[in-house]
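Let me begin by presenting the structure, written as structure tokens, before commenting on it.
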Amino acid sequence: MVEGVLRAKFSGSMVGTAVGDAVGAGFEGRGAADSEAIEAAAAGRELLAYTDDTHMMIGMAESLVHREGFDGEHMSRVFIRNYDSEPWRGYGPGPPSVFRMIRSGEPWDKAAGKLYHGGSYGNGSAMRIAPVGVFYHDDLDMLKEVARRSSQITHSHELGKEGAALQAYAIALAINMEPVKDFDSRKFLAELYEFVQQEAYKRKLARVGALLGEADKAKVATDIGNGVEAFNSVPTAIYSFLSHPHSFEETVLFAASLGGDTDTIAAMAGAIAGAYLGVDSVPDKWRSKLENRAYIEELADVLYDVWTRKKRIK
Ligand code: RVK
Ligand code: MG
Ligand code: MG
């Protein structure tokens, strides 16, 4: 792939997460909305501020850059440092409890297992996964391993880990494809279906296939899910992309209008769309107002440079 195209895809996935998060924020916990209402709300805001989804994605990228790859202990420290400086980003209940345990001496890969029963299956480890999806796009075994290990820091339930791995895999597939007119949604979906092992995800991805071509938002939300659990939101983000593969804007507006966990579903849908279409597909009306845009774009660029350097050494 041409250098500039791949660089734009790295940036597209990270900026796509942040823009999706910011556009979807403010509509959480409600029922389905009109895309026009989501668009009008974004247009009315001076700044598109992001939430914990993007804040944690930034932490993932900072750690990958600093360690030139995955280091769980380091990544957990970066999460804690970032959380301590901006705890008001709207974190779910799980991660701050894990951070407290790690701060008190619990090992980074053991703390999360003490939450809920057998760890969290919230979507918190999938929503932040874009940097892993792009950095390991050319090594899918490592991608799966690192997605699961990074999830282990805060979301150690098998369904949490598989949700993070599935979202990373979707991003990697999208990165590895040139955008084409006749994008084959069913082929993309079939690859994801082969990748997952848990029955919960097989079932949800089968629903994604059954509903492709349906415009009924309420049915999508009920059948595939719009909740905070990874299995009720990662497949929904995938559906949002697969039903609008040619448009970042339509993908994000659809995802954000499904109700429920709108910021996170739109963040994950935006991550896949941005990885496929590149950062220039993100409408300027949103990109120009994104909070910390310059920093996020710079981070994506540096992550790309680290990836290039490591590839040359290999
Ligand atoms: C506020 C039962 C479980 C569970 C288990 C449920 C931000 C719990 C972001 C829990 C995202 C919730 C979101 C979230 C990300 C998880 N048994 N219930 N084993 N595991 N749950 O606490 O980082 O918005 O109801 O790990 O995944 O925008 O409270 O947080 O929307 O899932 O939070 O899981 O949240 P947590 P998170
Ligand atoms: Mg959030
Ligand atoms: Mg959310």
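The values are calculated or read from the model by the stated rules, or taken from the named source; none is laboratory data. Being a predicted model, the structure only gives us computed values, none of them experimental. Heads up, the Cβs are rebuilt from the backbone with ideal geometry, glycines too, and the neighbour counts pull from every protein chain shown. Note: areas computed on protein heavy atoms with side chains; ligands, DNA, RNA excluded. Shrake-Rupley method; radii C 1.70, N 1.55, O 1.52, S 1.80 Å.
Among the residues of segment 53-108, write down those that are over 18 Å from the mean Cα position of the chain (by Cα), part of a helix (DSSP H, G or I) and either modelled with pLDDT under 95 or among the acidic types (Asp, Glu) (or both). Correct list: Glu73, Asp84.
Answer yes or no as to whether Ala273 is closer than 18 Å to Leu212 by Cα and either part of a helix (DSSP H, G or I) or of a type outside the set (D, E, K, R) (or both). Lay out the reasoning, then the answer.
Details: closer than 18 Å to Leu212 by Cα: yes; either part of a helix (DSSP H, G or I) or of a type outside the set (D, E, K, R) (or both): yes.
Yes: the conditions hold for Ala273.
Residues in segment 112-128: is at least one more than 16 Å from ligand 2 (Cβ to nearest atom), of a type in the set (S, T, N, Q) and either outside any loop (DSSP other than H, G, I, E, B) or touching a Ser or Thr at 6+ places or on another chain (Cβ under 9 Å) (or both)? No. Any idea which residue in segment 291-314 is nearest to Ser11 (Cα to Cα), counting only those that are open to solvent by 10 Å² or more (accessible area, probe 1.4 Å) and among the hydrophobic types (A, V, I, L, M, F, W, C)? Filtering first and then ranking leaves Leu299. Return the residues of segment 226-270 that are more than 12 Å from ligand 3 (Cβ to nearest atom) and open to solvent by 10 Å² or more (accessible area, probe 1.4 Å); say none if nothing qualifies. Phe231, Ser243, His244, Pro245, His246, Ser247, Glu249, Glu250, Leu253, Phe254 - these are the residues of segment 226-270 that are more than 12 Å from ligand 3 (Cβ to nearest atom) and open to solvent by 10 Å² or more (accessible area, probe 1.4 Å).
Residue by residue through segment 1-52, note down the ones that are part of a loop (DSSP other than H, G, I, E, B) and at pLDDT 95 or above.
Let us first name the residues in segment 1-52 that are part of a loop (DSSP other than H, G, I, E, B), namely 1-2, 25-34, 45-47, 49-51.
Across segment 1-52, the qualifying residues are Ala25, Arg45, Glu46, Leu47, Ala49, Tyr50, Thr51.
Filtering segment 186-208 to residues that are over 14 Å from Ala170 (Cβ atoms), in a helix (DSSP H, G or I) and open to solvent by less than 70 Å² (accessible area, probe 1.4 Å) leaves Ala200, Lys202, Ala206.
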